[in-house]
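Some notes on the structure that comes next.
The values are calculated or read from the model by the stated rules, or taken from the named source; none is laboratory data. Since this is a predicted model, take the numbers as computed values, not measurements. So basically every Cβ, Gly included, is an ideal-geometry build from the backbone, and we count neighbours across all protein chains shown. Only protein heavy atoms, including side chains, enter the accessible area calculation; ligands, DNA and RNA are left aside. Shrake-Rupley method; radii C 1.70, N 1.55, O 1.52, S 1.80 Å.
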Amino acid sequence: QMMRLIDALPANANDFVSFPPLCRTDRAAATTATPSFAGKGIALFPRAGNDVKEWGRDKFTELMRLLLTHPEVGAVNVYFANAREAQDYGLFTHDRLHVHAGLDFESLTRSLGENAICIGNNSFGVHIGSYLGLAVIAIYGGHETVSEWAPVFNTGYVISHPVPCSPCHIHRRTDCPYNL
């Protein structure tokens, strides 16, 4: 897949760049001017590999509960890097809440491509969702700059709170000298 991306790069700076699809999906509903998300899934990536970059477990859990109250939401799909990460998150059970853990890249892109919206922390998930053509909502803290790391493909929205000491690149919240 990486070689397909490299092969898609233009030989000349004036050539049109067209990236190949990562998987086969029907993105027509999510890419129209007035998309219909009824019955479609919403993908969530609550982890970002570092708690400094994460919106927080309580907030994502509350979001999941709110999304599941809407009958138009077909499913809430939550993605984790591995089974241990998913177990540590301690999610509740619901018939429309689906946990995906440790998927290989092909399975991840196929599963993610079946959603209409992707919501996640400053992480891998929002970038892949953006590339696949999902509407993306990316949540960023002051750890890194949004202008440098925001998803760049298709329709994406970034929620960020500017802080004067950003980017800080700290490893733990407790390392913040300003208690932000």
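Close amide-amide hydrogen proximity is noted between I119 and A43, L44, F45, I137, each under 5 Å apart and 5 or more residues distant or on a separate chain (H modeled in the peptide plane; Pro and chain starts excluded). Note that region 50-180 presents 56 Å² accessible area per residue, ligands and nucleic acids not counted, probe 1.4 Å.
With R₀ fixed at 35 Å, the C-beta to C-beta distance from Y157 to D7 puts the FRET efficiency at about 0.70. Spin-label pair Y89-N179: with each label point 7 Å from Cα along the Cα-Cβ axis, the two points sit 3.1 nm from one another. Segment T61..H171, full-extension length gain: 37.3 nm, with 0.36 nm per residue of separation and the alpha-carbon distance subtracted. Here the Karplus curve 6.51 cos²θ - 1.76 cosθ + 1.60, taken at θ = phi - 60°, turns the phi angles of region 74-87 into couplings of x, 6, 10, 9, 10, 10, 10, 5, 7, 5, 4, 4, 5, 5 Hz, with x standing for Gly and Pro. For region 69-138, the Stokes-Einstein estimate of translational diffusion at 20 °C and a viscosity of 1.002 mPa s comes to 169 µm²/s, using the Kirkwood hydrodynamic radius over alpha-carbon pairs. Given Cα pairs under 8 Å that are at least 6 residues apart, what percent is the relative contact order of region 62-147? This gives 20 percent for region 62-147.
Of the solvent-accessible surface of region 52-117, computed with a 1.4 Å probe over protein heavy atoms with every protein chain present, carbon and sulfur atoms account for 48 percent.
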